[in-house]
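K.L.:
I'd like to ask some things about the structure below.
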Amino acid sequence: MLDIRELSKDTVYEVMRELLYSFNYAWFLMDDWIKKNHPDANNEDLMGLAKEFGGYEAKRLSRVLDTSEEGIEKLIHFLNHSHWAVFEEIEGERISERSFTMKTFDCSTQRAAKKWGMGYYDCSEQGCRIREGFFREIDPDARVERIFTPPDEMIDGSDERISCEWLITL
């Protein structure tokens with residue numbers, strides 16, 4: 001077994017980041033395989049897996065993160081330590097005491113879709129479910145609403161680097 005205590009923090013970081021990228025890649029391979037080989041698969045069951053994945057991530061993070069914060073600040077704190085923060089440039093911008101927006105800039109999944117010859121990767125429903133599971137595990141009152149995802153038209157006046165935007169409320 002790899003003894004991570006013997007490794008430098010930089011090496012642990014690099015190894016863990018590469019593992020995260022590998023798991024992310026595997027997720028998309030499985031998603032694509034299911035769609036191609038089982039077009040009759042129950043989409044609601046698949047979306048349930050996405051929600052479970054999000055919740056499990058938040059549950060695991062709660063083991064290591066300071067959870068003394070409350071409300072929106074707690075949700076943003078967890079977001080800033082999530083897989084989204086590892087893979088993407090994200091922003092959690094507080095709008096009010098009970099809401100914030102989550103923005104992803106220049107999404108790696110959308111870049112990969114273009115590289116593979118697709119116009120975009122439709123992750124709107126799956127993305128919503130993962131976020132619902134994630135934020136509701138932290139606070140059961142959390143609600144997630146899609147503001148913008150591909151292939152939606154960009155909202156006038158928005159930063160053109162924004163790949164998707166979500167509203168999270170309590």
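The values are calculated or read from the model by the stated rules, or taken from the named source; none is laboratory data. The structure presented is a predicted model; accordingly, all values stated were derived computationally and were not measured. A quick note on method: Cβ atoms are made from the backbone with ideal geometry, for glycine too, and the neighbour counts reach across all protein chains shown.
K.L.:
If we keep just the residues of the stretch 57-79 that are small (G, A, S) and more than 22 Å from K103 (Cα to Cα), which is surrounded by the fewest Cβ atoms within 10 Å (Cβ to Cβ)?
P.N.:
Filtering the stretch 57-79 for residues that are small (G, A, S) and more than 22 Å from K103 (Cα to Cα), the one surrounded by the fewest Cβ atoms within 10 Å (Cβ to Cβ) comes out as S68.
K.L.:
Right, next: Is one or more of the residues making up the stretch 64-73 within 16 Å of D139 (Cα to Cα), at pLDDT 85 or above, in contact with a strand residue (DSSP E or B) (Cβ under 9 Å, 6 or more places away or on another chain) and aliphatic (A, V, I, L, M)?
P.N.:
So far as the stretch 64-73 goes, yes, one or more of its residues are within 16 Å of D139 (Cα to Cα), at pLDDT 85 or above, in contact with a strand residue (DSSP E or B) (Cβ under 9 Å, 6 or more places away or on another chain) and aliphatic (A, V, I, L, M).
One line per residue, one yes/no per condition, for (1) over 23 Å from A85 (Cα atoms); (2) loosely packed, with under 11 Cβ neighbours inside 10 Å; (3) at pLDDT 80 or above:
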site	(1), (2), (3)
V15	no, no, yes
N24	no, no, no
L29	no, yes, yes
A50	no, no, yes
G55	no, no, yes
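K.L.:
Continuing with the same structure: From the list V64, V86, which residue is more than 20 Å from L167 (Cα to Cα) and within 11 Å of the chain's Cα centre (by Cα)?
P.N.:
Answer to the selection: V86.
K.L.:
Turning to a different aspect of this structure: If you take the residues in the stretch 97-119 that are in contact (Cβ under 8 Å) with a residue 24 or more places away in the chain and more than 17 Å from the chain's Cα centre (by Cα), which one is nearest to V144 (Cα to Cα)?
P.N.:
S99
K.L.:
Using beta carbons and a limit of 6 Å, which pairs, at least six apart or on different chains, have the first residue in the stretch 32-60 and touching a residue at least 40 places away in the same chain (Cβ under 8 Å) and the second one among the basic types (K, R)?
P.N.:
Between residues of the stretch 32-60 that are touching a residue at least 40 places away in the same chain (Cβ under 8 Å) and residues that are among the basic types (K, R), the close pairs are M47/R129; A50/R129; K51/R129.
K.L.:
Taking the residues in the stretch 31-41 that are of a type in the set (A, V, I, L, M, F, W, C) and exposed (fewer than 12 other Cβ atoms within 10 Å of the Cβ) as candidates, determine which candidate is farthest from C123 (Cα to Cα).
P.N.:
A41
K.L.:
Right, another one. Across the stretch 156-170, what is the number of residues that are among the polar types (S, T, N, Q) and modelled with pLDDT of 75 or more?
P.N.:
Going through the stretch 156-170 one residue at a time, the tally reaches 2.
K.L.:
So, one more: Say we look at the stretch 125-155 and pick out the residues that are among the aliphatic types (A, V, I, L, M) and at pLDDT 85 or above; which of these is surrounded by the fewest Cβ atoms within 10 Å (Cβ to Cβ)?
P.N.:
Once the filter is applied, the top-ranked residue is I147.
K.L.:
Here is a list of conditions, (1) in contact with a Pro (Cβ under 8 Å, 6 or more places away or on another chain); (2) surrounded by 14 or more Cβ atoms within 10 Å (Cβ to Cβ); (3) in a loop (DSSP other than H, G, I, E, B); (4) not hydroxyl-bearing (S, T, Y), and D122 meets all of them except one; can you say which number that is?
P.N.:
Among (1) in contact with a Pro (Cβ under 8 Å, 6 or more places away or on another chain); (2) surrounded by 14 or more Cβ atoms within 10 Å (Cβ to Cβ); (3) in a loop (DSSP other than H, G, I, E, B); (4) not hydroxyl-bearing (S, T, Y), D122 violates only (2).
K.L.:
If you go through the stretch 84-97 one residue at a time, do you hit one that is charged (D, E, K, R), closer than 20 Å to L29 by Cα and modelled with pLDDT under 95?
P.N.:
yes
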